[in-house]
Amino acid sequence: MTTIIYLYEQKFRSWRKRLAGIYRYAKSQGWNVRALEIAEMRGDLGRTVDFWKASGAIIEGGIAGSQKVKSVLGRKMPVVLCDFDAERLGHKCSGVLHDSRETARTAVAELLKKNCCVYGYVGFDVKREWSKDRERVFLEEMAEAGRTTSVFDPTSGRRFRDATEFYAALEDWLGSLARPCGIFAANDEMGDHVLRAARNRGIAVPDEMVVVGVDNDELVCESTEPTLASVAPEFEESGHMAAELLGNLLADPRAKPVVRSFGGGQFVSRESMRKFKYRDFASLKAIEYIRLHACEGIGVADVVKAMGTGRRSAELRFTRFVGHSILTEIEQVRFRRACELIRRPGAQLDTVHAAVGYGNARSLRALFYRLTGQSPSAWLAARKA
């Protein structure tokens with residue numbers, strides 16, 4: 001049996017979704033996958049590779065520059081990197097890269113719906129090209145829309161000695177912005193910082209400020225106050241792509257390095273971008289339940305049960321709170337997921353309905369016609385034109 005190793009770093013939660021995609025491909029190939037956390041590795045990594053008799057490796061780009069990993073990259077064993085910085089590594093390699101520009105466009109499109117006085121971008125606190133890519137798209141899209149912008153870049157100019165200085169500067173910057181304002185954070189970690197700074201400054205979110213991050217790290221997004229809206233990259237699909245690239249290298253070790261990109265995925269709305277007139281915890285619970293389970297084939301009755309109230313009361317409360325019915329919310333989540341799946345390379349349009357909770361393709365087609373006036377295939381063709 002072919003054994004491959006997947007090296008990741010625990011603090012980046014995307015690894016679980018990436019691993020799911022790797023497993024999906026590995027199962028089709030009969031591979032044995034060993035997932036190894038870099039911080040827990042002891043001694044020479046090369047010996048670990050030898051112990052498992054690994055034929056190839058998939059490595060997270062954030063750790064590819066470490067001394068432990070360099071010993072693996074120096075071998076003749078096929079390696080595929082995920083979200084790596086080619087310039088920092090100094091050599092060509094096969095890998096998958098997140099399309100940061102597409103992610104930025106998704107975030108900006110959601111922010112523009114809020115019609116704010118000014119929009120801001122908060123960059124990552126370590127110099128990374130993906131953060132600058134998102135900043136550039138943010139400025140380009142906002143300029144095209146004729147909107148006023150401001151940027152907070154923690155890596156330029158003044159260096160912060162500690163967290164106290166960083167938060168003081170971030171709070172001052174947020175306080176200088178006209179309100180209501182819309183903030184695009186480079187990732188969920190920075191989005192968390194923005195929400196903390198806003199709270200310290202006394203800025204109400206989402207009444208005076210809306211915030212969106214990137215990565216949809218649920219551990220972070222569901223723990224912030226208020227919860228953080230985010231763009232969810234297609235991490236699982238990227239894991240499948242990385243495994244597929246590794247499979248090609250195992251079949252032909254002399255093949256030239258290939259880099260493939262994966263999309264920004266769907267926008268996941270939470271309280272930081274969704275203004276409600278009042279707090280209804282049963283309705284908030286329903287929104288989250290729908291977000292997590294809409295594509296599993298749930299119906300209105302399942303949502304009502306999750307709310308813990310009667311059918312009529314649930315419908316009235318939800319509609320008053322959100323502005324539309326429970327069924328409409330379910331359909332919107334399914335539609336966004338269907339659009340994401342349809343846009344994937346090699347997508348089988350006749351099977352997408354099952355992945356988003358419909359029993360037949362006719363139901364999904366009817367949803368597309370109702371929301372877009374087009375069939376799923378026509379909708380996809382229009383976006384490729």
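The values are calculated or read from the model by the stated rules, or taken from the named source; none is laboratory data. Only a predicted model underlies this, so the values are computations on that prediction, with no experimental measurement involved. Positions of Cβ are generated from backbone atoms using ideal geometry, with glycine treated the same way; all protein chains shown enter the neighbour counts.
When the residues of region 356-383 are filtered to those that are closer than 13 Å to residue 334 by Cα and among the hydroxyl-bearing types (Ser, Thr, Tyr), the one that is surrounded by the most Cβ atoms within 10 Å (Cβ to Cβ) is 358.
With the structure loaded, tell me whether residue 124 is part of a loop (DSSP other than H, G, I, E, B), at pLDDT 85 or above and within 17 Å of the chain's Cα centre (by Cα) or whether it fails that test.
Numbers: part of a loop (DSSP other than H, G, I, E, B): yes; at pLDDT 85 or above: yes; within 17 Å of the chain's Cα centre (by Cα): yes.
It is true that residue 124 is part of a loop (DSSP other than H, G, I, E, B), at pLDDT 85 or above and within 17 Å of the chain's Cα centre (by Cα).
Residues satisfying the criterion are absent from region 63-83 (criterion: at pLDDT below 80, in contact with a Cys (Cβ under 7 Å, 6 or more places away or on another chain) and under 30 Å from residue 169 (Cβ atoms)).
Among the numbered criteria (1) free of Cβ contacts under 8 Å to residues at least 40 places away in the same chain; (2) within 24 Å of residue 5 (Cβ to Cβ), which single criterion is violated by residue 225? Unmet condition: (2). Could you count how many residues in region 284-319 are surrounded by 13 or more Cβ atoms within 10 Å (Cβ to Cβ), modelled with pLDDT of 85 or more, in a helix (DSSP H, G or I) and of a type outside the set (A, V, I, L, M)? Total meeting the criteria: 10.
Out of 309, 351, 328, 319, one residue alone is out of contact with any Gly (no Cβ under 6 Å at 6 or more places or on another chain), under 20 Å from residue 267 (Cβ atoms) and not charged (D, E, K, R). It is 328.
Within region 149-243, considering only helices (runs of 4 or more DSSP H) that don't extend past its boundaries, which have at least 3 residues that are modelled with pLDDT of 90 or more and touching an Asp or Glu at 6+ places or on another chain (Cβ under 9 Å)? Before you say what the answer is, go through the steps one by one.
On the way: elements: 163-176, 188-201, 218-221.
Counting at least 3 such residues, we get 188-201.
All conditions but one from (1) surrounded by fewer than 21 Cβ atoms within 10 Å (Cβ to Cβ); (2) of a type outside the set (Lys, Arg); (3) free of Cβ contacts under 8 Å to residues at least 40 places away in the same chain apply to residue 166; the one that does not is (3).
Please state which one of 242, 338 is without any contact (Cβ under 8 Å) to a residue 40 or more places away in the chain and surrounded by 14 or more Cβ atoms within 10 Å (Cβ to Cβ). Walk me through it before giving the result.
Details: 242 fails: without any contact (Cβ under 8 Å) to a residue 40 or more places away in the chain.
From the options 242, 338, the qualifying one is 338.
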